[in-house]
Amino acid sequence: MKKTGKPYKDYKTEDFLTDESFISWVQKNTSTTDWAGMLDKYPHLVPFSEEAKNMISGLKFEQRSYDESRIEDLKKRIRFKTEEFSAKERKGKVFSLSKRTAGAARNKSKKQYWLVASMIATFIVVGSLLTDFFAEKDKLEAPSDFVVRKTDKGQKLTVFLSDGTKVMLNSNSEITFEEKFNNTLRMVHLTGEAFFEVAKDTSRPFLVDANGTVTQALGTSFNIDQKGKEVQVSLVTGKVSVAQKEFNYNEILDPGEQLIIDTEEGLSAEKRNFDRNEVLAWTIGVLFFKHEESREIFEKLESWYGVEIQVEKSPETMAGWSYSGSFHNESLENVLKSIGMVKKFHFRLEGTTVIIF
Amino acid sequence: MSILRLSYRKEKDSRIWSDMKRGSKEAFDRVFNEHMAYLLNYGRSFTGDLDLLEDCAQELFCRIWVRRDTLKDTDNIRFYLMAAFRKELFKALKKEQKKNFWRSWILPSSLPGFEVSLETAMVEEETRLRDLNRLKGGFAQLSPRQKEIIYLKYYNQLSFDEISEVMQLDKKAVYNALSKAMLSLRKNISSTSS
């Protein structure tokens, strides 16, 4: 904004300082006025413009650093809330009510119209008082709403949710849920692998979101294994529906069926039967391999025992074999000894590092 | 070049915003990833209560998502969010104040004020260092309102129109307050130097 009528040639420092176009020229080098040309034309203004420039560039504000992890937590909470809302939207619960009242009101006669109008007015007044009251309450409860449970490599954890659902969390995994579930939905976010035994509650569906793949259940037990963009859902009992929101994909599983969804490049989904002993082995402390390549085996061992594995043997001799076997509560050394005997490698332990040679 | 960059920013903002309005979760994530830290830092100048700040931010973003299809268009997301966040925050701070009615009855309290300071200068050249220190001193003496206007104008690079909308002030009042503030800053530098 330019002071009304003041010509540039009469500009003083404070005029430059408050001229929007000048500020933008100093800060962003963009302006609607040709300031360089103007200063060439009126060189007597240069000291003023220089002073203004110096002041503007001196106005740097102290940055109070905001705790990154707090911001991350906040983002998680917002993601969670909006997911929950989107899930309700898909169920059609949110808007159906208002549509129905609008349709009903149209059919009333004039007399009835006034009656309805006054009723609605009362309803709105009372309703807004109530929603205000509940909004207030909701807000006060908000900070303690969410719980995050996490396991490191080599750790496992069993968590009980407020509805009685039991969740076993495999190593290197994370689960986020509401401390006390609300009345419409039971929603859980998962990264990594977990086995769910869902408490029966037909009024509130149980949803697990694993990187965009949402599994919905009423009262069932199932295993979810999420690695990056690949999510594996294996149903043990009951019934679940699995949805991939991005691709608008939906599939229903029966007991014994497993669905593998991969969104790495487009959507690929495969349904097949699974071996219960294989998928659920981890929940009873059994390390299970079925025709697995060296890379997969070492990744599993790293996560299971919380170690880092370095392979010093030439890649050619390590590639091209696969191994099957299972170990029940066995030490890392025994496991490596058994596999190494068959697949011809040696190993040594250095702290939490394993070297294969 | 820079005019191009500016129009690019505007184009990008309006595209992201309209994608979000159409229900793109990715665009929504982008909005809060890009602006959250800014908003919280802005809010921090009004209150040290981080829980309250984060509640307000959560409230704001959830509402944006829930009402996404009724939001008006914008080509400056930062400005849009700052205006909405400030409103949300003031509402919450007033509520907070009501809750602490008895305390505020005994201890005089006012509406939330804006508190920031300029960064401590780190330059070699002596006269420049002296000027910057005087600028910092002068800035500390300004009113909260003047500080906020300067912060929005010179740091967030909002226009006078946008500032008057964010602060709910008449555009003329914004301009006058800024003009007075800059005059007093200038005096502070030159009077002590002569």
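Taken together, the values in this text are just the output of simple stated rules run on the coordinates, not laboratory data. In this text the structure is predicted, and so the values were computed from the model without any measurement. Because the Cβ atoms are built from the backbone with ideal geometry, glycine has one as well, and the counts that use them run over all protein chains shown.
Remarks
- Compactness index (Cα Rg / 2.2 N^0.38 Å), segment B:126-193: 1.18
- From the C-alpha gyration tensor of chain B, square roots of 5λ in Å: 32, 25, 15
- Relative contact order of chain B, pairs being alpha-carbon contacts under 8 Å that are 6 or more residues apart, as %: 19
- With contacts taken as Cα pairs under 8 Å at a separation of at least 6 residues, segment A:144-280 carries a relative contact order of 15 percent.
- Global size of segment B:117-156 as Cα Rg and Dmax, reported in angstrom: 11.2, 32
- Environment charge of residue B:113, counting only residues whose C-beta is closer than 11 Å and scoring Lys/Arg +1, Asp/Glu -1: 0
- Long-range Cα-Cα pairs in segment B:2-106 (distance over 20 Å), rounded percent: 45
- Around residue A:321: net Lys/Arg minus Asp/Glu count, Cβ-Cβ under 13 Å: 0
- Shielding by partners, peptide A:24-33 (average Cβ within 10 angstrom, other chains): 3
- Peptide A:74-81 is shielded by partner chain Cβ atoms: per residue, an average of 6 of them sit within 10 Å of its Cβ.
- Cubic angstrom per residue, convex hull over Cα atoms of segment A:255-327: 139
- Pairs from A:76/B:94; A:245/B:153; A:53/B:87; A:75/B:153 whose Cα-Cα separation, in the structure shown, is over 30 Å: A:245/B:153; A:53/B:87
- Computed over the Cα atoms of segment A:8-58, pair by distinct pair, the Kirkwood hydrodynamic radius stands at 10.7 angstrom.
- Longest to shortest principal axis, alpha-carbon extents of segment A:286-356, angstrom: 31, 28, 19
- Taken over segment A:146-278, the alpha-carbon convex hull comes to 102 cubic angstrom per residue.
- Of the cross-linked pairs B:98/B:172; A:41/B:12; A:41/B:136; A:150/A:290, those separated by over 29 Å at the C-alpha level are B:98/B:172; A:41/B:12; A:41/B:136.
- Relative contact order %, segment A:8-58, counting alpha carbon pairs below 8 Å whose residues are six or more apart: 47
- Counting every pair of alpha carbons in segment A:234-357, the share spaced more than 27 Å apart comes to 35 percent.
- Packing-based order for B:48-56, A:151-159, using average beta carbon neighbours within 10 Å, highest first: B:48-56, A:151-159
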